[in-house]
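Encoded as structure tokens, the structure appears first; notes follow it.
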Amino acid sequence: MIRCMLEGTDGSIRTGGSELLIEWQRHREGRFWLDIQEEDVPGERKLLENLGLHTLAVQDAQRDRHPPKLEEFDDFTFVLYRGIASFNSELVHDSQNIAFFVGENFLVTRHPKPAVSIEKLFSEQGSKLLKQGPGFLALRIMHTSAGLYLDALLEFEERLSDIEDALLDDGNDDLMRELVTYRTRLVKLRRLFNYHRNITDELRSDEYLALNYKDDPMGHAITDLHDRFDRLYTLAEIFYSISGDLIDGYISIASHQLNRTMQVLTVITAIFVPLGFLAGLYGMNFEYIPELKIENGYFILLAAMGSIAVGLLALFRKIRWL
């Protein structure tokens, strides 16, 4: 699917398909936004290269898995961004690479699946942002996408708080498995946000053709985007640490409960070992055992065994094993 938005020399905004692309290619006048989605790879490559976009940038854009990156070419800036196809408060997300080719008067966005942020801006604020410049439009798309990440993370915070309360009240292995799953997902998100934070760091440190940080309005937009990615990275780091602390806490509680159980079993064993020894000693079938002739030997042995048991119980209570 090919969608186009064209700002004419008179300031009017038109939206359409391939016919606007042909018109803009003919004169290269006005600001132009081309959005490409779900096109066949060979045809898409030919289209992008006909626009004068570098072959290596096009190849990177069409790769299914490529880390986010920022690269400057002669007449455009290439940004490969990891956008969202879907994301929820359980941190289950379907991400996709969104390629931005940002020139002085054009923006080309390429993505294999529907992108929530692009859909939102193409139908709402895209025309106003395009008038401000393709660079502003590209930054706002990334900013909107980062906002979706942020909303989902803030919703996840409530779920994490519920798990924390549940672990204290009645921890179980199901909660433990859920926490481990969340921790794994947070590792991936933290790595992703760090990539994007590095991109905005580069934008702030070097001069780029269509994303010039030294231009005050553009500089504010880049700083705002950097702050959002920095917050996302910080939140992912905090939630990762909290998840790890909850896992460690659950393991500590389970280990403590196991230790208490082992203490009880140890006490029982320690009490019955001497009693079992005496019972075994006097249960041997020898013909002559001196104590067998004592008139009250049975009761004396019971009293000795009872004294040993009571004494051991008192000892264990004194050392707080009971």
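The values are calculated or read from the model by the stated rules, or taken from the named source; none is laboratory data. Note that the coordinates shown come from a computational prediction; the quantities given were computed from them, not determined experimentally. Positions of Cβ are backbone-derived with ideal geometry, glycine not excepted, and every protein chain shown enters the neighbour counts. Ligands, DNA and RNA are stripped out before the accessible areas are found, and what is left, the full protein with its side chains, is counted by its heavy atoms. Shrake-Rupley method; radii C 1.70, N 1.55, O 1.52, S 1.80 Å.
For region 85-103, a residue qualifies if it is aliphatic (A, V, I, L, M) and surrounded by 21 or more Cβ atoms within 10 Å (Cβ to Cβ), and the qualifying residues are Leu91, Ile98, Ala99, Val102. Within the set Gly30, Gly52, Gly17, Gly83, the sole residue that is at positive phi, touching a strand residue (DSSP E or B) at 6+ places or on another chain (Cβ under 8 Å) and not β-branched (Val, Ile, Thr) turns out to be Gly30. The single condition from (1) free of Cβ contacts under 8 Å to residues at least 12 places away in the same chain; (2) in contact with a His (Cβ under 7 Å, 6 or more places away or on another chain); (3) not small (Gly, Ala, Ser) that Ile84 fails is (1). Pairing residues of region 302-321 that are more than 26 Å from Tyr282 (Cα to Cα) with residues that are of a type outside the set (S, T, N, Q) and in a helix (DSSP H, G or I), at Cβ distances under 8 Å and at least 6 apart in sequence or on separate chains, gives Phe316/Val267; Phe316/Ala270; Trp321/Val267.
Restricting to region 56-73, name every residue that is under 25 Å from Leu232 (Cβ atoms), open to solvent by 20 Å² or more (accessible area, probe 1.4 Å) and free of Cβ contacts under 8 Å to residues at least 60 places away in the same chain. Residues satisfying the conditions are Arg63, Asp64, Arg65, His66, Glu71. Would you please name the residue that is farthest from Lys113 (Cα to Cα), looking only at residues in region 31-43 that are of a type outside the set (D, E, K, R) and surrounded by 12 or more Cβ atoms within 10 Å (Cβ to Cβ)? Looking at residues that are of a type outside the set (D, E, K, R) and surrounded by 12 or more Cβ atoms within 10 Å (Cβ to Cβ), I get Phe32. Of Ile271, Ile222, all but one fail to be touching a Ser or Thr at 6+ places or on another chain (Cβ under 7 Å) and either of a type in the set (A, V, I, L, M) or not in a helix (DSSP H, G or I) (or both); the exception is Ile222. I want to confirm something. Restricting to region 269-283 and keeping residues that are hydrophobic (A, V, I, L, M, F, W, C) and open to solvent by less than 80 Å² (accessible area, probe 1.4 Å), which single residue is nearest to Ala314 (Cα to Cα)? Looking at residues that are hydrophobic (A, V, I, L, M, F, W, C) and open to solvent by less than 80 Å² (accessible area, probe 1.4 Å), I get Ile271.
Just to check your reading of the model, which residue among Arg190, Arg177, Arg159 is surrounded by fewer than 12 Cβ atoms within 10 Å (Cβ to Cβ) and out of contact with any Cys (no Cβ under 6 Å at 6 or more places or on another chain)? Selected residue: Arg177, the only one of Arg190, Arg177, Arg159 that is surrounded by fewer than 12 Cβ atoms within 10 Å (Cβ to Cβ) and out of contact with any Cys (no Cβ under 6 Å at 6 or more places or on another chain). Scanning region 222-263 for residues that are surrounded by fewer than 17 Cβ atoms within 10 Å (Cβ to Cβ) and small (Gly, Ala, Ser) gives Ser241, Gly244, Gly249, Ser252, Ala254, Ser255. Considering the conditions (1) open to solvent by 80 Å² or more (accessible area, probe 1.4 Å); (2) more than 30 Å from Leu189 (Cβ to Cβ); (3) in contact (Cβ under 8 Å) with a residue 40 or more places away in the chain, Thr266 is excluded by exactly one of them, (1).
Per the listing Leu150, Leu137, the residue uniquely buried (at least 17 other Cβ atoms within 10 Å of the Cβ) and either closer than 19 Å to Gly244 by Cα or modelled with pLDDT of 85 or more (or both) is Leu137.
When Phe106, Phe76, Phe122 are screened for being in contact (Cβ under 8 Å) with a residue 60 or more places away in the chain and surrounded by fewer than 21 Cβ atoms within 10 Å (Cβ to Cβ), only Phe122 passes. Scanning region 83-137 for residues that are of a type in the set (Phe, Trp, Tyr), part of a strand (DSSP E or B) and within 27 Å of Leu189 (Cβ to Cβ) returns Phe87, Phe100, Phe101.
Lys46 meets the conditions (1) without any contact (Cβ under 8 Å) to a residue 24 or more places away in the chain; (2) open to solvent by less than 60 Å² (accessible area, probe 1.4 Å); (3) out of contact with any helix residue (DSSP H, G or I) (no Cβ under 8 Å at 6 or more places or on another chain) in every case but one. The failed one is (2).
When Leu130, Leu53 are checked against the criterion of being modelled with pLDDT of 85 or more and either open to solvent by 60 Å² or more (accessible area, probe 1.4 Å) or not hydroxyl-bearing (Ser, Thr, Tyr) (or both), a single residue qualifies: Leu53. Counting residues in region 287-308 that are under 20 Å from Arg260 (Cβ atoms), surrounded by 12 or more Cβ atoms within 10 Å (Cβ to Cβ) and modelled with pLDDT of 80 or more gives zero.
On the basis of being surrounded by fewer than 19 Cβ atoms within 10 Å (Cβ to Cβ), free of Cβ contacts under 8 Å to residues at least 40 places away in the same chain and charged (D, E, K, R), does Arg28 make the cut? In short, no.
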